[in-house]
Amino acid sequence: MKRLRKNLSDYMISKQINYPKPDYMKKHLLMMALAIMSAFVLVAQKSTLENVYKLSMRNSGVIKEGTEVKGYFLFFASDKIDKNSNEYTLQIIDNNLKKLKEIKFVDSKHVAILESSFNGTDLIFLLYNDDENTFEYQVYGADGKKKYTYNRILTKKEDRYLKMTYLANNGDDEDTYKGIYPIEGLGFISNMPSREDKDYTFQLDFFSTQKRKQWTYIPTLGGKKFIGDYLGTANGVVYISILKYSGAFDKKPESVIVGLSLENGKQLFEVSTESKQLFYPSSMFTLADGKSYMFGEYFDPSGNIAKDKSVGFAFWSMNEKGKIESEKYCSWSLDMSKFIDVSAKGKIDDFGFMFLHNMVQTADGSIYAIGEGYKKVGSALGIAAKVLSAGRTSMSTTKMKITDMILLNFDKDFNIKGAKIYEKNSNNIMIPDGMDFSSTPLLGKMIKYNFGGFDYSYTQVTKDATSFTVCYSDYERSKDYKGSTFNAITYTEGKITTDKINTKSDATSSIILPAQQGQVLILDYYKKAKRLDLHIEKLN
Amino acid sequence: MTLSYMKNPIHLVAILVCLLYGKALLAQFPSTYIFQKDDTVLRTQYLQQSVNKHKAAIASITQYSSDYKEFYNQQFEQAEGFWESTRPVTAPDIQAYLQEIVQKIITANDELNGTDARIVFSRDWWPNAVSMGDGTIAVNAGLFVFLENEAQLVYIISHELAHYHLAHTQSAIKGYVEKINSKEYKDEVKRLSKMEYGANRKIEDFMKSLAFDSRKHSRDKEAEADRKAFDFMKNTGYDRLAVKSCLQLLDKIDDSLYFPNSFSVNTFFNFPEYAFKPRWIQKESALFSEMKDEESFRDKKEKDSLKTHPDCSKRIALLQNDFDKETANGKLFLVNENLFHQLKRDFYFEMMEESYRSNSLSRNLYFNILLLSNHPDNKVAVYSITRCLNDLFALQKAHKIGLTIDAEDNGYPQSYNLLIRMLSRLKLDEILQVNTYFSKKYYSLVQDDEAFKKELIRLHDFKTN
């Protein structure tokens, strides 16, 4: 699944660093050099010090503002202070790989960074202490100075959920749990689910970057368990989609959209998503005119979001008071089938069901939806395990097959104008027992957020919206090449092109990371030469 | 050992263009240029001398063998790489001119008699001169094009000769090797290696103190080389106040803030049939946009302590008494003033082409655009831009363009940063379009040029394949 993903730290502790040569000033940009330059410039002078001076890389990641990559962070333990604490160094590198800042601080030896985000002015880091079960949010301003620190203690359920999902998936900030969302110039929203067996809830926090201010929202009324997704923020209102279960055995949750005041976190409205159809929004995006729309799949008005197959997908716009201003429904059978061979229940032949990853409006007003296919298939391993264990295994008899990418084109009124499938090799995801009968949208969210199973990586849009690029990973087995590939579908002023980078090259191994719009950061590691070359490349 | 550490060498080009394209020189800049033909036999001889010097150095080692070998090998690799590249200018006429100047210094100083220093111009674009420690001395084209007279060149050569004559590189190597093999150093390493807590901080402090010592030593050696250079110039007949004017010049090069932009990508790449697209250079929000550079890592004191060269103002101050006593009897030119100015123009082309050979394509494009912006009839620039854009297309197709484009840097002129940004955002097809309309615009100027025709065929092949 994570074909292209490998922790950068694998490469961080190499002693041999190929520095940019000052004589020719090569563009071999070396993140390792950026990361630990001060230490190893000196270490390199004398080998006897190498065994003494050790840096323990904790983690690294991409700093994003929405879909745009703004930089990278490297977090490592730079010294042992005593038996319980370390000195840490947090290095922040911009998207040109220029080292911007180095922050040193002493903290417990159990600290790691889970996530970071940028909201156009301020930068936030989420630090997790797995011994004390605490989160610390550190906010840095545009001047590079620390502005605020927010702390909170995780409940046991939250901690367990974190360990089952995010941490189990190697802390990948792209495909799995994503908990911090930027609100331009104002702050960040954090969404932290907690689940234990059948007990579900979540906590939403807002951290201001304008002044020291924080509020928390925990759903309590009208239900026993809750699944909540942060949809987006518009005009001072934070929109959340919630599935409310009346009890542990409730099989038909109520779907609502809750609006919170961005100012103080107070609930402004709660609106049922049962209107002309039963809507289950997955995210929200804003058009060029500033109007925001929620998008997601929909069901028959009397249907069950947790069990049924969806009828199609929908776009809703809702004002600050929770009034639905417009509803647009595109059914699989009537609308989509004009462009792609679709079965009556949203199953596109061979493609499976569609999970919508993102929506983009281009400068000419057209709207594009980026989706990926998935479908249930029987798991031979799961069935065998079930038979052999007389049904006592927790392994599901179902696995999910991740299929192709799809790009849908709509006009400004959300009428479908075109659709194209981009084929790729399929992957399989085993799903836990008990989820076999969940609805496809719920399974889609599970694949996305819990298992990190989709190949889709990210979408980047230019500021003027004349171009966007969708990136995803694939695996090729042709006679010319066998290995991972990094793929891109690029829209530029009405024209769509595709590109592919083979991640196996003359280098021992290559890693491709998101970079600025339309670009990727390629790390070529040459094992024999103990060299790591970094170069930023454009996608064609 | 180098003459001066240039923080932002690219700014030289902006100044250089302003200077070169002053009214007096504007008309003289050639629209075509025949590149210098190097004397490969001489280059091979010089390389062989470096080989012999390296062997002799290795043979002279009596203790700490592996440490000395490591440094001598590094030193040799630098010289070997230089002589085996296209960087040294060994064209007979130019070398004869340079040697005539060098000879004036040697003749005026008995102690330099019999020196085996091998002094050449280098095609490197950055403003610097270097003594590699084995007798190889290079004066970069990127520095020479900025000089005002032979006397300043004599100071630069004298400074590098002083480093070599006073064996500064050898003494630095010796000092370092002896230091790391001293009991005091070894005991400290042993003590640090046994520390369980806070060891890295202590090691960092320890190594920092070593670095400070080493850099201070370097700065002292620079001051010593300046003084010796001033002495070397005494009986050459050249004006010794050129030392001061040259150091003042170097100080200006270091100061990046005064230099104007000399072209705008928005207008240069805007064609009637194919308009410039604002998104190519649109500014994006940036992390820590309000952070000042000096706040980023080291404080000023630490930065100063890590400099290998003293500030030029400090270097001038150290010699000020001598400048005050100096009477202006010396000459600014003694060998060939016309050739000096001719070389300043020629070397612009040489370093421009060398940047292409060394795959610094964004820089090559920048140099050529500067040239064409100031000399719209320059055929070399038109051909070179077309060729460079073709190369960029091929590299982008192979996802290798990033290895040939600089990263934006606050130290670069705005025009260069915007060019870099544009190159990093142009789509594959857009490179073709830009090249098509650029070559169309200048077609009438270069239509008879065979090399340009070949580039047009390449461009056509890219479009049809």
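The values are calculated or read from the model by the stated rules, or taken from the named source; none is laboratory data. Predicted, not measured: the structure shown is a model, and the values here were computed from it. With ideal geometry, Cβ positions are generated from the backbone for all residues, glycine too; neighbour counts draw on all protein chains shown. We work out accessible area using only protein heavy atoms, side chains counted, and drop any ligands, DNA or RNA first. Shrake-Rupley method; radii C 1.70, N 1.55, O 1.52, S 1.80 Å.
Find the residue count for segment A:241-256, including only residues that are assigned to a strand (DSSP E or B) and in contact (Cβ under 8 Å) with a residue 40 or more places away in the chain.
Result for segment A:241-256: 4.
Answer yes if at least one residue in segment B:104-112 is surrounded by 15 or more Cβ atoms within 10 Å (Cβ to Cβ) and within 30 Å of B:Tyr64 (Cα to Cα), and no otherwise.
No, there is no match, as no residue in segment B:104-112 is surrounded by 15 or more Cβ atoms within 10 Å (Cβ to Cβ) and within 30 Å of B:Tyr64 (Cα to Cα).
Kindly provide the set of residues from segment A:464-491 that are free of Cβ contacts under 8 Å to residues at least 40 places away in the same chain and surrounded by fewer than 20 Cβ atoms within 10 Å (Cβ to Cβ), ordered by number.
The answer is A:Ser478, A:Lys479, A:Asp480, A:Tyr481, A:Lys482, A:Gly483.
To keep it simple, each residue is scored yes or no on (1) touching a residue at least 12 places away in the same chain (Cβ under 8 Å); (2) under 29 Å from A:Ala77 (Cα atoms).
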{"residue": "B:Glu204", "(1), (2)": "no, yes"}
{"residue": "B:Phe212", "(1), (2)": "yes, yes"}
{"residue": "B:Ser218", "(1), (2)": "yes, no"}
{"residue": "B:Lys221", "(1), (2)": "yes, no"}
{"residue": "B:Glu224", "(1), (2)": "yes, no"}
{"residue": "B:Arg227", "(1), (2)": "yes, no"}
{"residue": "B:Phe232", "(1), (2)": "yes, no"}
{"residue": "B:Asn235", "(1), (2)": "yes, no"}
{"residue": "B:Arg240", "(1), (2)": "yes, no"}
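Of B:Glu430, B:Glu455, which residue is under 30 Å from A:Asn96 (Cα atoms), in a helix (DSSP H, G or I) and acidic (Asp, Glu)?
It is B:Glu430.
Restricting attention to helices (runs of 4 or more DSSP H) lying wholly within segment B:170-257, give those where 3 or more residues are more than 10 Å from chain A (Cβ to nearest Cβ) and over 30 Å from B:Asn329 (Cα atoms).
Here the list reads B:183-194, B:199-232.
Failed condition for A:Phe285, given (1) outside any loop (DSSP other than H, G, I, E, B); (2) modelled with pLDDT of 90 or more, with all others met?
The one condition A:Phe285 does not meet is (2).
Which of the residues that make up segment B:376-403 are open to solvent by 10 Å² or more (accessible area, probe 1.4 Å) and away from chain A (no Cβ under 14 Å)?
B:Pro376, B:Asp377, B:Lys379, B:Val380, B:Tyr383, B:Arg387, B:Asp391 - these are the residues of segment B:376-403 that are open to solvent by 10 Å² or more (accessible area, probe 1.4 Å) and away from chain A (no Cβ under 14 Å).
Only one of (1) free of Cβ contacts under 8 Å to residues at least 60 places away in the same chain; (2) buried (at least 18 other Cβ atoms within 10 Å of the Cβ); (3) under 17 Å from A:Lys244 (Cα atoms) fails for A:Met284. Which number is that?
Checking A:Met284 against (1) free of Cβ contacts under 8 Å to residues at least 60 places away in the same chain; (2) buried (at least 18 other Cβ atoms within 10 Å of the Cβ); (3) under 17 Å from A:Lys244 (Cα atoms), the one that fails is (3).
Given the conditions (1) among the hydroxyl-bearing types (Ser, Thr, Tyr); (2) open to solvent by less than 40 Å² (accessible area, probe 1.4 Å); (3) out of contact with any His (no Cβ under 8 Å at 6 or more places or on another chain), and given that B:Ser218 satisfies all but one, which numbered condition is not satisfied?
Going through (1) among the hydroxyl-bearing types (Ser, Thr, Tyr); (2) open to solvent by less than 40 Å² (accessible area, probe 1.4 Å); (3) out of contact with any His (no Cβ under 8 Å at 6 or more places or on another chain) one by one, B:Ser218 breaks only (3).
Go through segment A:305-328 and give me each residue that's surrounded by fewer than 16 Cβ atoms within 10 Å (Cβ to Cβ) and at pLDDT below 90.
A:Lys307
If you scan segment B:133-144, which residues turn out to be surrounded by 24 or more Cβ atoms within 10 Å (Cβ to Cβ), in a loop (DSSP other than H, G, I, E, B) and of a type outside the set (D, E, K, R)?
The one that is surrounded by 24 or more Cβ atoms within 10 Å (Cβ to Cβ), in a loop (DSSP other than H, G, I, E, B) and of a type outside the set (D, E, K, R): B:Gly133.
Of B:Asp205, B:Asp251, B:Asp226, which residue is in the same structural domain as B:Tyr72 (by TED's automatic domain parsing), touching a Cys at 6+ places or on another chain (Cβ under 8 Å) and charged (D, E, K, R)?
On the way: B:Asp205 fails: touching a Cys at 6+ places or on another chain (Cβ under 8 Å); B:Asp226 fails: touching a Cys at 6+ places or on another chain (Cβ under 8 Å).
Being in the same structural domain as B:Tyr72 (by TED's automatic domain parsing), touching a Cys at 6+ places or on another chain (Cβ under 8 Å) and charged (D, E, K, R) holds for just one of B:Asp205, B:Asp251, B:Asp226, which is B:Asp251.
How many residues are out of contact with any Phe, Trp or Tyr (no Cβ under 6 Å at 6 or more places or on another chain) and assigned to a strand (DSSP E or B) if we restrict to segment A:136-163?
7
Tell me, yes or no, whether segment A:88-104 has at least one residue that is more than 18 Å from A:Gly61 (Cβ to Cβ) and either without any contact (Cβ under 8 Å) to a residue 12 or more places away in the chain or among the small types (Gly, Ala, Ser) (or both).
no
For segment B:301-393, which fully contained helices (runs of 4 or more DSSP H) count at least 3 residues that are in the same structural domain as B:Lys453 (by TED's automatic domain parsing) and among the basic types (Lys, Arg)? So that I can check it myself, show each step before the final result.
Details: elements: B:312-325, B:337-357, B:361-374.
The qualifying helices (runs of 4 or more DSSP H) are B:337-357.
What pairs can you find where one residue is in segment B:404-422 and within 13 Å of chain A (Cβ to nearest Cβ) and open to solvent by less than 10 Å² (accessible area, probe 1.4 Å), the other is in a loop (DSSP other than H, G, I, E, B) and of a type in the set (Gly, Ala, Ser), and their Cβ atoms are less than 8 Å apart, with a gap of 6+ or different chains?
B:Thr404/B:Ser360; B:Ile420/B:Ala407
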